[in-house]
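Data first, discussion second: the structure below is written as structure tokens.
The values are calculated or read from the model by the stated rules, or taken from the named source; none is laboratory data. Everything numeric in this text was worked out from a predicted model, so none of it was measured. Positions of Cβ are backbone-derived with ideal geometry, glycine not excepted, and every protein chain shown enters the neighbour counts.
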Amino acid sequence: MNVDACIESIKECKYLPENDMRQLCYKLKEVLAEESTVVPVNAPVTLCGDIHGQFYDLVKIFEVGGDLPNTSYIFMGDFVDRGRYSLETLTLLLLYKLKYPDRITLTRGNHESHECLAKYQNSRVWEWCCTVFDYLPLAAVIDGSVFCVHGGLSPELPSIDSIRTLFRMQELPQSGGHCDLLWSDPETQVDAWAISPRGGGYLFGPLPTTAFCHNNGIDLIVRSHQLVDEGYNYPFDEGNLVTLWSAPNYCYRCGNKAAILKIPEEDRPIVSTDYTIFLENDVQGDTNGNGGAGQGPGSQYFL
């Protein structure tokens with residue numbers, strides 16, 4: 001498997017041959033198995049929220065944010081589903097992780113789940129991708145002061161140390177702290193905790209958010225999981241949590257902006273954040289999800 005050649009191919013939105021996908025997934029499991037459940041990351045680093053299979057907008061993220069390996073990235077889950085190019089989007093991220101393991105961090109989202117994948121013609125690619133999902137870390141911490149997670153907090157996990165003890169190498173549970181990290185949402189109408197209408201995770205208010213930050217020495221929680229029209233949003237007056245969304249014009253119809261967030265290298269506490277707002281890529285391929293490059297239906301393993 002020639003990683004550089006594979007990267008050049010997938011940049012043209014051409015999915016990889018089955019044997020290359022098999023090798024990629026097996027190699028990635030080895031890389032991810034060496035990472036902790038909560039990955040320590042050094043600033044400067046650029047954070048990205050949900051992408052949801054919008055491949056050409058992922059390409060734009062690297063255009064506006066900077067190419068690897070010159071720029072370090074954290075992608076906070078939900079790489080797949082909803083968009084036209086889930087397999088291509090996932091493949092590019094996995095290839096970059098294989099080539100630059102210390103420059104890109106991939107954490108799990110609720111859509112990196114066996115339930116969110118569809119078998120298409122050949123179930124083996126589906127199965128290989130599922131095994132990679134099960135190895136993804138659940139969170140990252142930047143310089144001990146910025147906590148990055150896909151969904152939010154859990155009443156079962158009051159400390160980062162308690163998150164580190166979770167056994168992550170499994171299909172996403174339907175309940176419990178592991179599930180909460182990927183499904184929970186902040187809610188301004190809730191002071192502490194409430195049942196989430198999503199059916200998984202909790203709604204959490206400013207009180208547990210402030211307590212989590214105080215008890216863990218965290219200045220800012222960055223999470224994704226929810227569409228916000230301007231690309232980012234601070235739901236609480238305390239300013240200690242931000243929702244970051246990186247899929248512009250979500251599902252090719254919502255008309256929203258997207259954002260990425262650069263955390264600079266500076267002394268604590270974090271006093272400056274650098275958001276880059278962007279719109280969807282002018283190039284989007286064809287509307288059938290064929291990559292604009294004559295791809296057949298085999299490119300679509302994801303719903």
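Structure above, values below:
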read-out: Complete set of residues in region 97-115 that are within 14 Å of the chain's Cα centre (by Cα) and either assigned to a helix (DSSP H, G or I) or farther than 21 Å from residue 37 by Cβ (or both); value: 97
read-out: Residue selected from region 61-88 under the condition assigned to a helix (DSSP H, G or I) and aliphatic (A, V, I, L, M), by the criterion farthest from residue 49 (Cα to Cα); value: 87
read-out: The lone exception for residue 36 - which of (1) touching a residue at least 12 places away in the same chain (Cβ under 8 Å); (2) assigned to a helix (DSSP H, G or I) it fails; value: (2)
read-out: Candidate set from region 38-78 (those that are surrounded by 19 or more Cβ atoms within 10 Å (Cβ to Cβ) and of a type in the set (Ser, Thr, Tyr)); member that is nearest to the chain's Cα centre (by Cα); value: 73
read-out: Output for region 130-154, where each listed residue is of a type in the set (A, V, I, L, M) and in a strand (DSSP E or B); value: 139, 140, 141, 142, 146, 149
read-out: Among residues of region 155-183, those that are touching a Leu at 6+ places or on another chain (Cβ under 6 Å) and either part of a loop (DSSP other than H, G, I, E, B) or more than 17 Å from residue 203 (Cα to Cα) (or both), counted; value: 2
read-out: Number of the condition not met by residue 5 [criteria: (1) of a type outside the set (Lys, Arg); (2) more than 30 Å from residue 227 (Cβ to Cβ); (3) part of a loop (DSSP other than H, G, I, E, B)]; value: (3)
read-out: Unmet criterion (only one of (1) at pLDDT 95 or above; (2) of a type outside the set (Val, Ile, Thr); (3) touching a strand residue (DSSP E or B) at 6+ places or on another chain (Cβ under 9 Å)) for residue 250; value: (1)
read-out: Qualifying position, being out of contact with any Lys or Arg (no Cβ under 7 Å at 6 or more places or on another chain), buried (at least 24 other Cβ atoms within 10 Å of the Cβ) and either hydrophobic (A, V, I, L, M, F, W, C) or within 27 Å of residue 263 (Cα to Cα) (or both), among 151, 109; value: 109
